[in-house]
Amino acid sequence: MNEMTKQGGFKADTSTWPKDHPRVNYGRVGVLLLNLGTPDGTSYWPMRRYLHEFLSDRRVIEEPQWKWWPILNLIILTTRPSRKGKDYDTIWNKELDEGPLKTITRNQSNALAERLSEHPEIMIDWAMRYASPTTESRLRYLQEQGCEKILLVPLYPQYAGATSATACDQAFRALMKMRWQPAVRVAPRYHDDPVYIESIAKSIEQHLEKLDFRPEKLIATFHGMPEKYLAAGDPYHCQCQKTSRLVRERLGWPPENWLTTFQSRFGSDPWLQPYTDETVERLGKEGVKKLLLVAPGFSADCLETLEELEGENREIFEHNGGEQFSYVPALNDSELGLDVIEAIVRRELMGWI
C-alpha cells in the first residue's frame, strides 16, 4: 500500500523490510523545465566559467577542436568575460543576485506547480544547461523523491541543435550515470502550437494597447545561428519563419509592415539573415519613425532581449533617425506564458497521469 508523504509524494511501505534497507520513494512523475543558463555572477571568473562551458559545447560551436581551442582559450576567454560581465550587470537582479533568466525560470516552475496542484504525484523542477542549477543535480533530486517517470521540457519553441538538442544531451549524459533510470519523455518543439501562437499574439496586442503610438513596422526577431547549421539540416530557420507567419496572420498585420530577422551573431561566419541590428539601422535611415520588436523565440527575457534588443537596438534606431521604439517582453512567467507551458506539459503527460 502506498503511503502519502507530507510533500504529496509516495513512499514504500517499509514495515516488512529489513532494518538496514534504504528508503525507496516511488510513484511520482517529474517535470523538468530546461533553459539555457546564466552566469553565477558578473565578475570576471564567474563569467569566464560560464562562457567556457557554453562556448566549449560542440553543439554550439561546430568547429574542429584543434581550430577552436586556441581561439576560445587564448583570445575569447581573456577579453570577453569582462565585457559581457558589464552587459550582464545592466540587467542583473540585484535583489536575488542572479540573472533574470534564473529568476523567471524559477517563477515559471513554481507557478506551473500551482496550476497542476490537483495532481499531488507530480513534481515540477527546473534546471539550466549551463551553470546552475545543473541538469544532473535536478534529475537526481527528482529521482530521489520518487519520480519514476520524468518529462523533460526544453523551453525553446523552435528546435535547434544548439538549444533543444544540447539541453537533452546534458540530461542523457546524467541518465547514463544512473544505475536505476527513470522513464523519460521529451516535450517536442512547439513553434506552431495554437496556444503558443495565441499567447504571442495576445502579448503583442496587450503591449500595443499600452503604447502612445502605432508602429509603422514590426520586427519578429529570433536568435541567429550560422548558415552552415541550416545547410546541415537544422530545422530552426524554417520553424522561426513559420512562427512569424502564423503570429502575423493571427494579428492580421500587413505583410509589407512585418519583418522576420535574426540577432546575436558571433564570429566571422555568415549567420541567418537578415540581421536584426542591420535591419533596424536601415529602417531608421529609410525614414521609419515608429518601430516595435518582439522576440517569439525566447520563453524568458535575458541578456539577448533586455540588453541587446531593448538597449542596443533602441540606440541604433534612435541614432539613425528613429523616434519611437518599443520591445514586447517575452512571455516570461505571465499568465499567457504559463498557458503555453501548462498546455505542453498536460499534453505530454497524457498516459502518465
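Within the stretch 169-190, the set of residues being in contact (Cβ under 8 Å) with a residue 24 or more places away in the chain, under 14 Å from Glu136 (Cβ atoms) and not in a loop (DSSP other than H, G, I, E, B) comprises Asp169, Gln170, Ala171, Arg173, Ala174, Leu175, Val184. With respect to the conditions (1) in contact with a strand residue (DSSP E or B) (Cβ under 9 Å, 6 or more places away or on another chain); (2) free of Cβ contacts under 8 Å to residues at least 24 places away in the same chain; (3) not aromatic (Phe, Trp, Tyr), Thr79 falls short on a single one, namely (1). The residues listed here are Gly41, Gly37; of these, the one that is over 20 Å from Gly161 (Cβ atoms) and either touching a residue at least 60 places away in the same chain (Cβ under 8 Å) or in contact with a Phe, Trp or Tyr (Cβ under 9 Å, 6 or more places away or on another chain) (or both) is Gly41.
Quick check: anything in the stretch 67-74 surrounded by fewer than 18 Cβ atoms within 10 Å (Cβ to Cβ), among the β-branched types (Val, Ile, Thr) and more than 18 Å from Cys302 (Cα to Cα)? The answer is yes, given that some residue of the stretch 67-74 is surrounded by fewer than 18 Cβ atoms within 10 Å (Cβ to Cβ), among the β-branched types (Val, Ile, Thr) and more than 18 Å from Cys302 (Cα to Cα).
Contact map, the stretch 198-217: first residue closer than 19 Å to Leu336 by Cα, second residue hydroxyl-bearing (Ser, Thr, Tyr) and part of a loop (DSSP other than H, G, I, E, B), Cβ cut-off under 8 Å, separation 6 or more or different chains; pairs are Ser203/Ser334.
Remark: pairs (first residue in the stretch 232-260, within 12 Å of Ala220 (Cα to Cα) and in contact (Cβ under 8 Å) with a residue 40 or more places away in the chain; second residue small (Gly, Ala, Ser) and buried (at least 20 other Cβ atoms within 10 Å of the Cβ); Cβ separation under 6 Å; 6+ apart in sequence or on different chains) = Ser244/Ala220; Val247/Ala201; Thr260/Ala220; Thr260/Ser244.
The sole residue among Glu307, Glu281, Glu312 that is touching an Asp or Glu at 6+ places or on another chain (Cβ under 6 Å) and of a type in the set (Asp, Glu) is Glu307. Is it fair to say Lys19 is over 28 Å from Ser117 (Cβ atoms), modelled with pLDDT under 95 and surrounded by fewer than 18 Cβ atoms within 10 Å (Cβ to Cβ)? In short, yes. The set of residues in the stretch 166-198 that are of a type in the set (Gly, Ala, Ser) and either more than 26 Å from Ser334 (Cα to Cα) or in contact with a helix residue (DSSP H, G or I) (Cβ under 7 Å, 6 or more places away or on another chain) (or both) comprises Ala171, Ala174, Ala183, Ala187. Restricted to the stretch 173-213, and to residues there that are basic (Lys, Arg) and surrounded by 14 or more Cβ atoms within 10 Å (Cβ to Cβ), the residue that is nearest to Asp301 (Cα to Cα) is Lys202.
Tell me, yes or no, whether the stretch 156-170 has at least one residue that is under 30 Å from Gly351 (Cα atoms) and β-branched (Val, Ile, Thr). Yes - at least one qualifying residue is present in the stretch 156-170.
Only one of the listed residues (Gly252, Gly233, Gly267, Gly224) is touching a Leu at 6+ places or on another chain (Cβ under 8 Å) and of a type in the set (Gly, Ala, Ser). That residue is Gly224.
Kindly establish whether Thr243 is touching a Pro at 6+ places or on another chain (Cβ under 6 Å) and either modelled with pLDDT of 95 or more or over 15 Å from Leu309 (Cβ atoms) (or both). It is true that Thr243 is touching a Pro at 6+ places or on another chain (Cβ under 6 Å) and either modelled with pLDDT of 95 or more or over 15 Å from Leu309 (Cβ atoms) (or both). Taken together, the residues in the stretch 267-281 that are within 16 Å of Leu218 (Cβ to Cβ) and exposed (fewer than 13 other Cβ atoms within 10 Å of the Cβ) amount to 0.
The values are calculated or read from the model by the stated rules, or taken from the named source; none is laboratory data. Since the structure is predicted, the reported quantities are computational estimates derived from the model, not experimental observations. Here the Cβ is made from the backbone with ideal geometry for all residues, glycine too, and neighbour counts use every protein chain on show.
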